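Below is one structure. I have some questions about it.
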Amino acid sequence: MLTRTREDNRTGPRYFIWTIGCQMNKAESERIAGYLDSAGCRATGWFSDADLVILNTCVVRQSAENKALGTLGLLKGLKDEHPGLRIVVTGCLVDSDSKDLSRRFPQVDFAFRPGDFRELVEWGHDEAGLVGGELRLPETCSPCAYIPIMQGCDNFCSYCIVPYRRGREVSRPLEDILCEAEQLVEHGAVEVTLLGQNVDSYGHDLPEGPDLAELLTQLEGIDGIARIRFLTNHPKDINPKLIETVASASKVCEHLQLPVQAGDDDILRAMRRGYTVERYRELVRTIRRHIPHVSLSTDIIVGFPGETETQFEHTCSLLEEIEFDVVHVAAYSPRPDTAAARELEDDVPSHVKKQRLNRVESVQADIASRINSQLQGKIVEVLVEGKKKGRWFGRTRSDKLVFFADAGDWLGRLVEVQIDNASPWSLKGQVSTNS
Ligand code: SAH
Ligand code: SF4
Ligand code: F3S
């Protein structure tokens, strides 16, 4: 007898979700997929097969915005050929005037601000004939799931467009998050990563004022969760209680994303980051004292307006001194509405930005190679996320990417891997005989 899968019964539109940007966008795309699935839509693999395309956009730098605009252009051509194609835009390209986007791009049927899923559901019901759809999580999820715990940002770093596009900080109630974590576990999640632009201020706007440390402690109690992560921290807001919680809570991984952005006090002031290099150093010392094997990631912007060669060297020295595990580096890109774009001239030539970017990458490659080579011969615990080109891959608690080949089925399982090869970006090994 033939068994029909749920998908076979679906007759709704075929949809394709295009996603760029940060983990927040990825998490939101998963939720959009959950809603569309519940409304009987079917996922497809590419634009040309779709009746409904959702663009989940990012505008953190001009280059990201250009990708979104390029894709909108491509879709205009597709819509000319298939007039029934519906195009929906979300993510940070959509500002407070979402109607304006539909005016600028007539090919867009509907735009909604990041996270405003109720608007999508309303549109789906009223305009796209998607009856019966509900906001829910996808039926199956990856072993590693994201949970947005707050929207927006109140910090207004001078270069950053995020507060203008995602609005002010709004925390989700603690109970909602715990409930979602439990559902995700039922759907196969083993690790949860809590997301927010500044997770250190989680809860300040909620009636009982829970904080991130409390949320982590409560999540620890959920059976089935093996690992908990969270990002992003802000150096001016991370507090001792949180550091102690990471040190003592067994499921919370020893990994912090602590963007420093620059290693020069004048640049940090112009960026309106709210800390000095010395304060950042002290913070790292405190974190390392409490969490000895902590791995640290950071973000750097090179070529901020007025950045001199000497100021840039201060950033390189700080990288050498702190020895981060991972550094994400970007060239400064002026963004509309931001204080830096309004008040400061983008005066570092693009070839100098590029040189500085390459320099940071090469300084960091040496550091990461030194750090990772210390893992050679060691056994690490890996949570397996999937398979690529015949090899399993997953991450250690310290967020290092590990590849290994093995005939067993390891998806979603914790496995001990003996490392036999280390590069600055990933590790390779074999399943340890202890596993
Ligand atoms: N809330 C997080 C993430 C913000 S966006 C944080 O505070 O770090 C992610 C990264 O993009 C930032 O850390 C920053 O390094 C980079 N970024 C933001 N605006 C930028 C700009 N205008 N030009 C270049 N890089 C930028
Ligand atoms: Fe942007 Fe600063 Fe907020 Fe991060 S903390 S999202 S860099 S304004
Ligand atoms: Fe991009 Fe918005 Fe995230 S601008 S980095 S998608 S918060």
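The values are calculated or read from the model by the stated rules, or taken from the named source; none is laboratory data. All values derive from a computational prediction rather than experimental measurement. Using ideal geometry, Cβ is built from the backbone for each residue, glycine included, and neighbour counts are taken over all protein chains shown. Accessible surface areas use protein heavy atoms only, side chains included; no ligands, DNA or RNA. Shrake-Rupley method; radii C 1.70, N 1.55, O 1.52, S 1.80 Å.
So what does residue 187 come to for accessible area, using a 1.4 Å probe and Å² rounded to 10?
Number for this one is 50 Å².
What are the principal axis extents of the Cα atoms in the range 144-373, in Å, biggest first?
On the principal axes, the range 144-373 reaches 52, 43, 30 Å in Cα extent.
Another question about this same structure. What does the C-alpha gyration tensor say about the overall shape of the chain? Classify as rounded when a/c is under 1.5, otherwise prolate if a/b is larger than b/c, or oblate. The partial results should precede the final answer.
On the way: a/c = 1.57, a/b = 1.16, b/c = 1.35.
Verdict is oblate for the chain.
For the range 296-309, just list the computed ³J(HN,Hα) in residue order, Karplus coefficients 6.51, -1.76 and 1.60, θ = phi - 60°, integers in Hz, with x standing in for Gly and Pro.
Listing the rounded values in order: 10, 10, 8, 10, 10, 10, 9, x, 4, x, x, 5, 8, 4 Hz.
Students often get this wrong, so check it: of 67/389; 76/353; 67/99; 387/428, which have C-alpha atoms separated by over 24 Å?
From 67/389; 76/353; 67/99; 387/428, over 24 Å: 67/389; 76/353.
Next question. Within the chain, what whole-number % of the accessible surface is contributed by carbon and sulfur, with the 1.4 Å probe and all protein chains included in the calculation?
About 49 percent, which is the carbon plus sulfur part of the accessible surface.
Still on this structure, please answer the following. Keeping all protein chains in the complex and leaving out DNA, RNA and ligands, what accessible area do you get for residue 144 with a 1.4 Å probe, in Å² to the nearest 10?
20 Å²
Could you give the spread of the C-alpha atoms of the range 379-431 along their three principal axes, from largest to smallest, in whole angstroms?
Between the extreme Cα coordinates on each principal axis of the range 379-431 lie 26, 21, 16 Å.
Could you work out, for the range 103-184, what percent of all Cα-Cα pairs fall into each 10 Å distance bin, beginning at 0 Å and stopping at the bin that holds the largest distance?
Whole-percent P(r) values from 0 Å outward: 14, 32, 38, 16, 1.
Let me ask another. Given Cα positions, please report Rg to Rh for the range 161-267, the hydrodynamic radius being the Kirkwood one.
On the way: Rg = 14.7 Å, Rh = 14.9 Å.
Rounded to two decimals, Rg/Rh equals 0.99.
Please compute the per residue accessible area over the chain with all protein chains in place, 1.4 Å probe, rounded to a whole number of Å². Don't skip to the end; give the middle numbers.
Values: 19790 Å² over 435 residues.
That works out to 45 Å² per residue.
By average Cβ neighbour count within 10 Å, what is the ranking of 54-65, 218-229, 98-109 from highest down?
54-65, 218-229, 98-109
May I pose another question? Tell me what the chain gives for mean residue ellipticity at 222 nm when only DSSP H runs of n ≥ 4 count, each as -39,500 (n - 2.57), the sum divided by the residue total, rounded to 500 deg cm²/dmol.
Taking each H run of at least 4 residues, the total per residue is -11000 deg cm²/dmol.
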